[in-house]
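K.L.:
Right, I'll just put the structure down here and ask away after.
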Amino acid sequence: MGRWQPNARGRLEQAALDLYGERGYEQTTVAEVAKRAGLTERSFFRHFADKREVLFSGADELRESLVSTVARAPDSAAPLEAVGAGLEAAGAFLGEQRGREFARKRQRIIAANAELQERELIKLASWAAALADALRSRGVADPVASLTGEVAMGVFRNAFERWVDESNRRGLPELIRDSFDQLRELASSDRSQSRTSSSVGSA
C-alpha cells in the first residue's frame with residue numbers, strides 16, 4: 001500500500017493498533033506498545049501524550065483542513081456546499097493517509113471502549129464548532145452556522161460508518177457527497193409534503 005513509512009511514529013501507531021485489537025485497549029500498556037514497535041517508552045512519549053492519543057493523532061490537522069477548505073470556498077457557495085467541500089477534502093486526506101483498513105481497526109477498538117467513544121464524540125464536537133466558526137467568518141449568522149456544523153458532523157459520521165463497512169468499496173469523499181445528496185432530497189421531500197398538506201388543509 002505504501003501509506004506508512006517505517007518511522008518511529010508510524011511504527012508506534014501500527015503496534016498500538018495491533019495490540020489494542022489483540023489484547024484490548026485497557027489491557028495494553030505503553031511499555032508493550034513501545035516494545036512491539038522496537039522502541040523505548042521515552043520514544044513513545046515524544047510522539048504521544050498517552051496511549052489513548054495514538055488513536056486520535058491527526059485530528060487537529062483534519063480540523064484545520066476542514067476549516068481552511070470552508071474558508072476558500074467561493075463566496076457564492078451556500079453553507080452546506082462550503083462544509084461539504086471541507087468534509088470531502090478531509091475524507092480524501094483520511095483515506096490517503098490512513099486507509100480504510102486502519103480506520104476499520106480503529107473503529108472496532110473505539111466501539112469496544114466507553115472512554116474512547118467519549119473522546120471520539122469530543123473530537124467530532126470540536127470539528128462541528130470549528131466549522132460553525134468558519135461559517136461565521138464567511139458572514140453566516142446563527143443559528144444557521146451552528147446548525148450547519150452539527151448537520152455536517154452527522155453527515156460525516158453516516159458516510160464514515162458506511163466507508164468502514166466490510167461490504168463497502170466506495171471512497172469516503174464519494175460517500176460524503178452521497179450523504180449530502182440524500183439530505184437534500186429529504187429536505188426537498190419534506191417541503192413538498194408540507195406544501196401538499198397545507199393545500200389539502202385549506203381546501
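Read-outs: derived from the displayed coordinates by stated rules, not from any lab. Computed from a prediction, not measured in an experiment: that's the story for all the values here. Backbone-built Cβ (ideal geometry, glycine too); neighbour counts: all protein chains shown.
K.L.:
Please arrange 131, 183 by how many other C-beta atoms lie within 10 Å of their C-beta, fewest to most.
P.N.:
Ascending Cβ contact count within 10 Å gives the list 183, 131.
K.L.:
Once you put a point 7 Å from the Cα of residue 142 and another 7 Å from the Cα of residue 118, both along the Cβ direction, what distance in nm separates them?
P.N.:
Distance between the two pseudo-spin positions: 2.6 nm.
K.L.:
In a Debye calculation with equal point scatterers on the alpha-carbon sites of the stretch 1-53 and no solvent, what is log10 I(q)/I(0) at q = 0.14, 0.19, 0.20 Å⁻¹?
P.N.:
-0.31, -0.56, -0.62
K.L.:
Need the C-alpha centroid separation for the stretch 92-158 versus the stretch 24-68, integer Å.
P.N.:
Taking the Cα centre of each part, the stretch 92-158 and the stretch 24-68 sit 19 Å apart.
K.L.:
Still on this model: For the chain, take the longest principal axis of its alpha carbons; what is the angle in degrees between that and the long axis of helix 114-137, to the nearest 10 within 0 to 90?
P.N.:
Once rounded, one gets 50 degrees.
K.L.:
How far is helix 59-72 tilted off the main Cα axis of the chain, in degrees rounded to 10, range 0 to 90?
P.N.:
Taking the Cα atoms of the chain, the angle to 59-72 is about 30 degrees.
K.L.:
By how many nm would the segment from residue 42 to residue 126 lengthen if fully extended, with 0.36 nm per residue of separation less the alpha-carbon distance?
P.N.:
Values: separation 84, 0.36 × 84 = 30.24 nm, distance 2.95 nm.
Fully extending the segment from residue 42 to residue 126 adds 27.3 nm.
K.L.:
Convex hull over the alpha-carbon atoms of the stretch 45-130: what's its volume per residue in Å³?
P.N.:
Details: hull volume 9.0 nm³, N = 86.
Taking the convex hull of the Cα positions in the stretch 45-130, it is 104 Å³ per residue.
K.L.:
Relative contact order for the stretch 1-53: what percent, with Cα pairs under 8 Å and sequence separation of 6 or more?
P.N.:
On the way: 36 pairs, mean separation 18.6, N = 53.
With pairs under 8 Å counted, the relative contact order is 35 percent.
K.L.:
Still on this structure: Across 10 Å bins from the origin, how do the percents of Cα pairs in the stretch 58-193 run, short distances first?
P.N.:
All Cα pairs considered, the percentages come to 12, 42, 34, 11, 1.
K.L.:
I've got another one for you. Add +1 for every Lys or Arg and -1 for every Asp or Glu among the other residues with Cβ under 14 Å from the Cβ of residue 140, and state the total. Walk me through the numbers before you get to the answer.
P.N.:
On the way: positive: 136, 138; negative: 75, 81, 133, 142, 150.
Residues close to residue 140 contribute a combined charge of -3.
K.L.:
On a 0 to 90° scale, report how tilted helix 172-202 is relative to the longest principal axis of the chain, with both axes built from alpha carbons and the result rounded to the nearest 10.
P.N.:
30 degrees
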